[in-house]
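I have placed the structure first, in the form of structure tokens, so that the comments after it can refer back to it.
Read the figures in this text as sums done on the coordinates, not as results from a lab. In this text, all values refer to a predicted model and were calculated from it rather than measured experimentally. No Cβ is skipped: glycine too gets one built from the backbone with ideal geometry, and neighbour counts run over all protein chains shown.
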Amino acid sequence: MTSAVTIPRHGGTGESTAVAARARQVVKAYGTGETRVVALDSVDVDIARGRFTAIMGPSGSGKSTLMHCLAGLDTVTSGEIFLDDTEITGLKDKKLTQLRRDRIGFIFQAFNLLPTLNALENITLPMDIAGRKPDADWLRRVVDTVGLSERLKHRPNQLSGGQQQRVAVARALAARPEIIFGDEPTGNLDSRAGAEVLGFLRQSVDELGQTIVMVTHDPVAASYADRVLYLADGRIVDEMERPTAEAVLDRMKDFDARGRTS
Ligand SMILES: Nc1ncnc2c1ncn2[C@@H]1O[C@H](COP(=O)(O)OP(=O)(O)O)[C@@H](O)[C@H]1O
Ligand SMILES: [Mg+2]
């Protein structure tokens, strides 16, 4: 078994750095003049380390923009983003690319697996490209946790959608990033496969100490998280700890009702 495996570098509940990422007064505007859209309107947020955070809100509320800014995939108009102690706003392109590669993991709605590589090769590809050697114990633990041990030689087209997305999750985890971002990671999956992937994300937080931020519009998906942040018109308007699907759904109905009357 894998009992001797160490806790991830950035995992756990390290007292001194309980916040994995934070946004301070972040504004993101697209376009100018008449066509100017404020996608993020002075957002302040702390993302707790070793926890699973969901970001919810109506379509167009700024969920993807917030995730992209936190992950250094998009620049901000003003304000600051920190990954641990590193201010990523203001980093030059090359440093930012390095930071994304070395410290951040991504899971997208489309699994983005290479069809000619088997599952294991897909999982280790980013590290192969970066010239880093995967930690064998860690890799085994990730693969065990995702339940892929028997499927490592399979190519993506020999795997179900849920299994392919678990490969994508394992790929994100393999490099032991400080934080993993997912934009609707179960958006392309049926509910059974979605539950499988969400269960694994939950497990990677509980057992591997991973920090995860997931954008979703699905109350059931959000209920796997420790905390839900609600966005509306580019602002964080509410949050919920230890969400249940029912409570999230109720809160969404609340927002809809308010939206209709305002
Ligand atoms: N590249 C872009 N150019 C112009 N407007 C954009 C762009 N990306 C997003 N927006 C606008 O910013 C707002 C927030 O978008 P987004 O973050 O994608 O919302 P969500 O993910 O919650 O659906 C929307 O009004 C959207 O139309
Ligand atoms: Mg979006």
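Highest mobility in the GNM of the chain, judged by mean-square fluctuation with C-alpha springs under 10 Å and restricted to I81, I179, I129, is found for I129. Under a Gaussian network description of the chain, with springs only between Cα atoms under 10 Å, the residue in V37, V142, V26 that fluctuates furthest is V37. Exposure here means at most 16 other Cβ atoms within 10 Å; with trypsin sites (Lys or Arg not before Pro) in a DSSP loop as sites, the longest stretch of the chain lacking them is 154-262. Length gained on full extension, S160 to D190: 9.7 nm, using 0.36 nm per residue less the C-alpha separation.
Between T89, T97, T32, the Gaussian network model of the chain with springs among Cα atoms under 10 angstrom shows the greatest mean-square fluctuation at T32. Give me the net charge of M214's neighbourhood, meaning all other residues with Cβ under 12 Å from the Cβ of M214; Lys, Arg count +1, Asp, Glu -1. Summing Lys/Arg as +1 and Asp/Glu as -1 gives 0. The helix-based estimate of mean residue ellipticity at 222 nm for the chain, built from -39,500 (n - 2.57) per DSSP H run of four or more residues and divided by its residue count, is -11000 deg cm²/dmol to the nearest 500.
Between G162, P115, P243, the Cα set farthest toward the positive side of the dipole of the chain (charges on each charged residue's Cβ, about the Cα centre) is that of P115.
Placing R0 at 22 angstrom, the Cβ-Cβ distance between R242 and A18 gives a FRET efficiency of 0.80 after rounding to 0.05. Roughly speaking, what is the centre-to-centre gap between region 67-121 and region 169-196 when only Cα atoms are used, to the nearest Å? So the separation of the two Cα centres works out to 15 Å.
Taking amide H as placed 1.01 Å from N in the peptide plane, the amide H of T211 sits under 5 Å from that of G50, I180, each at least 5 places away or on another chain.
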